[in-house]
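*Asks:* Take this structure, written in structure tokens, and hold onto it; I'll ask about it next.
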Amino acid sequence: MKNAFLLLFLISGLFSFAQIKGKITDEKGNPLPSVTIYEDNIYNGTTSNDQGFYELSTKKQGKHTIIFQFLGFKTQKLTLDIASFPYNLDVKLIEESFTLNEVVINPKDNPANQIIKKAIANKKANIEKTAKYKADFYSRGIFRIKDAPKKILGQKLDMFDEVLDSTRSGILYLSETVSKIAFQKPDKMKETIIASKVSGNDNGFSFNNAASANFDFYNNYLDFNVNVVSPIADNAFSYYKYKLEGSFYNENNQQINKIKVTPKRDSDPVMEGYIYIVDDSWAIYAVDVNIKGEQMQNPALKLLTLKQNFSYNSDSKIWVKTTQTIDFTFGMLGINVSGKFTYVFSNFEFEPQFTKKTFTKELLTFEENANKKGDEYWNTIRPIPLTIEESTDYTKKDILQTKKKSQVYLDSIDKKSNKFRVPEIITGYTYKNSFGKWSAKYDGFLKEINFNTVQGWNIETGFSYTKNDREKGKYTNFGVDFDYGFSENKFRSTGSFIHKFNNINKSEIQISGGSEVAQFNEQKPIKELLNSVATLFFEENLMKIYEKNFASFLYQREVTNGVFMKAKVDYLENKPLANTTDQTFFPKQKDYTSNNPLAPHDYTTPAFEKYNLVKANIDAKINFDQYYLSRPDGKYNFPNDNYPTLTLGYEKGFAGSEKKYEYDHLKAKIEYNPTLGNKGVLSLSAKGGKFFNGEQISFVDYKHFNGNQTYIGFSESYLNVFNLMPYYTSSTNDSYFELHTEHNDKGYVMNKIPLLNLLKSNLVLGYHLLSIPNRNPYSEYSVGLDNLGFGKFKMLRVDYVRSYQNGFQKDGVVLGLKFLN
């Protein structure tokens with residue numbers, strides 16, 4: 001009985017209530033996937049699934065003209081007289097025979113070049129035809145894993161075991177969406193998702209949306225992490241070679257030219273494959289291209305295949321994209337995953353009357369209960385029938401989900417993972433209550449082990465409790481951390497409470513307090529691990545620290561779209577610290593500098609005197625023209641790259657143990673990262689500020705700048721650091737201005753240099769400036785290579801840097817170890 005029920009469910013999923021349906025094969029009976037099927041002169045279409053099955057909904061009985069279009073095969077145009085539904089129609093497609101009348105002898109007379117030039121010249125006219133429309137949109141996404149390893153780097157890979165078969169293969173992710181879209185070029189979009197389905201998650205919301213499928217070959221570039229050059233971009237001839245492989249006539253007697261597209265340089269962000277251009281109108285008929293992962297600077301991605309099919313309406317004279325598929329494979333550390341996204345656009349309405357309220361910053365929203373639609377609904381609206389594999393996955397994971405939600409199941413899983421083992425006294429231990437959505441964690445003594453000249457060897461550990469309700473966007477954490485310095489023979493501890501109220505405006509409070517060791521620069525420019533190595537091996541104690549006893553309260557939220565506010569109040573008792581050890585790993589060659597950043601060779605005078613102070617901070621961060629997605633599980637923001645991000649802040653020190661410690665501090669920051677077509681990204685970060693009544697404040701409260709004396713970099717970019725500047729020589733309690741700029745060519749230059757292009761790296765040019773009163777401006781110039789590494793691991797960067805201040809100061813090579821960030 002159970003097997004009979006499963007079979008019945010699969011059959012109902014495969015053959016739903018669409019009016020016209022059937023199977024599409026070639027002449028040998030092989031199923032043809034991704035065939036475009038649509039009604040003539042009506043933008044109502046679909047595509048076949050991987051097994052060749054299709055379903056096409058129609059509105060009424062009577063005569064219908066149905067077109068079957070598949071690249072490499074002759075288009076079939078069938079007129080049907082339908083008296084009743086469902087109407088079964090199996091179709092056999094015949095391979096297309098191409099004709100080529102010209103033989104290319106002189107490259108200057110290459111007919112493919114002439115066709116592409118005409119396609120480029122007519123882009124504007126073809127763009128305007130589809131510049132504004134409404135449409136229905138359907139998408140399906142699937143990820144499969146094959147031959148998954150049981151272990152990775154000695155660690156068990158068991159998170160997928162319940163969905164894998166005996167060969168450790170299976171579907172990792174399957175989802176669908178149905179939505180209504182409104183679009184106006186170049187970038188205005190409004191999408192309302194009316195149905196969303198995620199396999200194995202009845203409360204899930206698919207991330208499939210029309211904006212992520214908007215790859216327009218009429219634009220110069222397609223955004224795939226880097227800007228990939230379109231085969232009909234204005235500058236396409238600098239990147240591609242073309243060959244006319246033949247032409248054929250479609251059902252409307254229009255000549256279609258099949259053109260092979262080949263990169264001039266395989267290292268460029270380009271594609272390879274075929275583009276089909278319609279004669280006379282020079283519109284796109286279809287696209288079938290491949291892009292390698294390394295061309296998109298995504299080494300884990302092996303290959304991405306993008307296919308698009310366009311249909312023609314003889315009344316409107318418009319070619320419009322009706323189907324699109326994206327297939328890809330990626331892998332790393334023995335994990336091999338393939339994926340496919342299928343998109344169907346239908347029921348187009350061109351030149352609709354959009355009101356001013358049609359397009360807002362809200363790009364996407366969900367109808368109420370969009371994720372609660374049952375099988376009856378999906379079987380009537382789904383334009384592409386499910387394969388047996390997909391139907392089985394939905395059934396299997398729905399059953400598994402019911403099991404996974406039960407307290408008995410969750411408790412059994414927790415019982416296994418909660419088993420305590422003696423080594424976890426050192427490595428740490430986590431206790432989970434999955435049904436209650438909380439966990440408790442002990443960090444172990446291996447959380448942090450570092451060395452500095454004040455504390456000597458110091459270890460950290462801690463305990464925490466976390467309750468995370470992802471469906472409601474709520475998060476709560478209680479934590480306590482302990483630190484002990486062996487040479488200093490002192491124990492310190494801090495406690496914290498964090499509560500996030502929702503995932504809409506990200507409203508959050510943080511309360512913390514205790515005693516801790518802190519760097520003078522609160523941005524922590526020196527990594528503790530790196531300082532430990534520099535101290536023990538090279539006798540360079542670069543990190544300068546003090547003791548901070550504090551109580552802190554912070555509240556932050558997004559007050560309106562694009563404006564984020566943060567308010568913080570700290571009560572502080574700051575104490576100076578001194579060196580307590582001169583330990584090294586090797587025979588001592590020199591004395592450590594003192595813990596006083598102002599006088600590194602003065603071992604008796606502290607950097608400041610003990611004092612008390614209350615600090616109040618208020619900051620506003622503004623993302624101009626910010627877009628966002630409204631999902632039932634939260635608001636997801638997308639800053640507009642065309643505009644900068646501005647941060648304004650005010651800090652006040654008051655209620656000090658002495659009046660001299662009190663001050664006012666105004667500050668501002670602007671960040672801007674415009675993309676320069678395919679020529680890379682120009683990044684800018686400018687900061688400025690001014691202290692008032694701060695002539696005698698403690699050195700702790702100065703404005704400190706991120707220097708670097710280690711010749712090691714950690715971050716993705718150097719927009720917040722001076723790589724050759726000492727850490728505290730430029731600290732100020734007056735006015736200041738700093739500027740950081742970088743241009744990352746994303747391979748634009750490096751891809752064109754023989755031999756060097758084999759590195760597949762990026763050229764990065766940088767300039768950094770610091771200006772403070774009564775001192776010559778400090779500046780750095782740098783040139784470097786980013787995206788370096790081995791195989792699929794591109795986590796290195798190398799820069800040559802020169803610094804100037806009233807003339808040349810020094811130069812050096814900075815090695816970027818981004819994997820340590």
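*Asks:* For region 461-504, which positions are surrounded by fewer than 17 Cβ atoms within 10 Å (Cβ to Cβ) and part of a loop (DSSP other than H, G, I, E, B)?
*Replies:* Within region 461-504, Arg470, Glu471, Lys472, Phe486, Asn489, Phe501, Asn502, Ile504 meet the criteria.
*Asks:* Taking Tyr242 as the residue in question, decide whether it is open to solvent by 10 Å² or more (accessible area, probe 1.4 Å) and under 29 Å from Asp40 (Cα atoms). Step through it out loud before you land on a result.
*Replies:* On the way: open to solvent by 10 Å² or more (accessible area, probe 1.4 Å): yes; under 29 Å from Asp40 (Cα atoms): no.
Answer is no for this residue.
*Asks:* Out of curiosity, is Asn642 farther than 20 Å from Ile772 by Cα, of a type in the set (S, T, N, Q), surrounded by fewer than 15 Cβ atoms within 10 Å (Cβ to Cβ) and in contact with a Phe, Trp or Tyr (Cβ under 9 Å, 6 or more places away or on another chain)? Talk me through it step by step, then tell me what you get.
*Replies:* Details: farther than 20 Å from Ile772 by Cα: yes; of a type in the set (S, T, N, Q): yes; surrounded by fewer than 15 Cβ atoms within 10 Å (Cβ to Cβ): yes; in contact with a Phe, Trp or Tyr (Cβ under 9 Å, 6 or more places away or on another chain): yes.
Yes: the conditions hold for Asn642.
*Asks:* Only one residue in Lys258, Lys302 is in contact with a helix residue (DSSP H, G or I) (Cβ under 9 Å, 6 or more places away or on another chain) and assigned to a strand (DSSP E or B). Which one? Write out each step before concluding.
*Replies:* Numbers: Lys258 fails: in contact with a helix residue (DSSP H, G or I) (Cβ under 9 Å, 6 or more places away or on another chain).
One residue alone meets the criteria, Lys302.
*Asks:* Still on this model: May I ask you to list the residues in region 506-545 that are open to solvent by 40 Å² or more (accessible area, probe 1.4 Å) and part of a helix (DSSP H, G or I)?
*Replies:* Glu528, Leu529, Val533, Phe537, Phe538, listed by residue number.
*Asks:* Further question on the same structure: Only one of Glu528, Glu539, Glu460, Glu471 is out of contact with any Leu (no Cβ under 9 Å at 6 or more places or on another chain) and closer than 23 Å to Phe722 by Cβ; which?
*Replies:* Details: Glu539 fails: closer than 23 Å to Phe722 by Cβ; Glu460 fails: closer than 23 Å to Phe722 by Cβ; Glu471 fails: closer than 23 Å to Phe722 by Cβ.
Every option except Glu528 fails the conditions.
*Asks:* Within region 662-701, how many residues are crowded, with 18+ Cβ neighbours inside 10 Å, touching a residue at least 60 places away in the same chain (Cβ under 8 Å) and in contact with a strand residue (DSSP E or B) (Cβ under 9 Å, 6 or more places away or on another chain)? If you could, list the steps in order and put the result at the bottom.
*Replies:* Within region 662-701, the subset crowded, with 18+ Cβ neighbours inside 10 Å is 662-663, 665, 667, 669, 671, 678, 680-681, 683, 685, 687, 689, 691, 694, 697-701.
Next, only the ones that are touching a residue at least 60 places away in the same chain (Cβ under 8 Å) stay: 663, 678, 680-681, 683, 698-701.
When the remaining residues are screened for being in contact with a strand residue (DSSP E or B) (Cβ under 9 Å, 6 or more places away or on another chain), the result is 663, 678, 680-681, 683, 698, 700-701.
Total meeting the criteria: 8.
*Asks:* Can you say whether Pro576 is surrounded by 15 or more Cβ atoms within 10 Å (Cβ to Cβ) and out of contact with any Phe, Trp or Tyr (no Cβ under 7 Å at 6 or more places or on another chain), as far as the supplied structure shows? Give the steps one after another, and end with the answer.
*Replies:* Values: surrounded by 15 or more Cβ atoms within 10 Å (Cβ to Cβ): yes; out of contact with any Phe, Trp or Tyr (no Cβ under 7 Å at 6 or more places or on another chain): no.
Here the answer is no, as Pro576 does not meet what is asked.
*Asks:* Within region 47-75, track down each residue that is in contact with a Leu (Cβ under 9 Å, 6 or more places away or on another chain) and charged (D, E, K, R).
*Replies:* Lys63, Lys74, listed by residue number.
*Asks:* Which strands (runs of 3 or more DSSP E) does region 566-649 wholly contain that include 3 or more residues that are more than 30 Å from Phe359 (Cβ to Cβ) and touching a strand residue (DSSP E or B) at 6+ places or on another chain (Cβ under 8 Å)? First the steps, then the outcome.
*Replies:* Values: elements: 611-623, 627-631, 634-638.
Passing ranges, in order: 611-623.
*Asks:* May I pose another question? Could you say which residue among Gly689, Gly653, Gly677, Gly649 is of a type outside the set (Ser, Thr, Tyr) and at pLDDT below 95? Please lay out each step first, then the result.
*Replies:* Working: Gly689 fails: at pLDDT below 95; Gly653 fails: at pLDDT below 95; Gly649 fails: at pLDDT below 95.
The unique qualifying residue is Gly677.
*Asks:* A follow-up question, please. Restricting to strands (runs of 3 or more DSSP E) lying wholly in region 755-821: which have 2 or more residues that are open to solvent by 80 Å² or more (accessible area, probe 1.4 Å)?
*Replies:* Details: elements: 762-771, 778-790, 793-804, 808-817.
Qualifying strands (runs of 3 or more DSSP E): 778-790, 793-804, 808-817.
*Asks:* Then there is this: Mind checking which pairs have a first residue in region 208-227 that is surrounded by 20 or more Cβ atoms within 10 Å (Cβ to Cβ) and a second that is among the basic types (Lys, Arg), Cβ under 9 Å, 6 or more apart or different chains?
*Replies:* Asn208/Arg140; Val226/Lys746; Asn227/Lys679; Asn227/Lys746
*Asks:* Moving to a separate point now. Take region 709-733 and flag every residue that is buried (at least 20 other Cβ atoms within 10 Å of the Cβ) and under 29 Å from the mean Cα position of the chain (by Cα).
*Replies:* Gly713, Ser717, Tyr718, Val721, Phe722, Asn723
Residues checked against (1) aromatic (Phe, Trp, Tyr); (2) crowded, with 17+ Cβ neighbours inside 10 Å; (3) assigned to a loop (DSSP other than H, G, I, E, B):
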position: Asp136; (1), (2), (3): no, yes, no
position: Pro149; (1), (2), (3): no, no, yes
position: Leu172; (1), (2), (3): no, yes, no
position: Ser179; (1), (2), (3): no, yes, no
position: Phe183; (1), (2), (3): yes, yes, no
position: Ser196; (1), (2), (3): no, yes, no
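The values are calculated or read from the model by the stated rules, or taken from the named source; none is laboratory data. The model shown is predicted, which means the values in this text are computed figures rather than measured ones. A quick note on method: Cβ atoms are made from the backbone with ideal geometry, for glycine too, and the neighbour counts reach across all protein chains shown. Areas reflect the complete protein model, heavy atoms only, side chains present, ligands, DNA and RNA absent. Shrake-Rupley method; radii C 1.70, N 1.55, O 1.52, S 1.80 Å.
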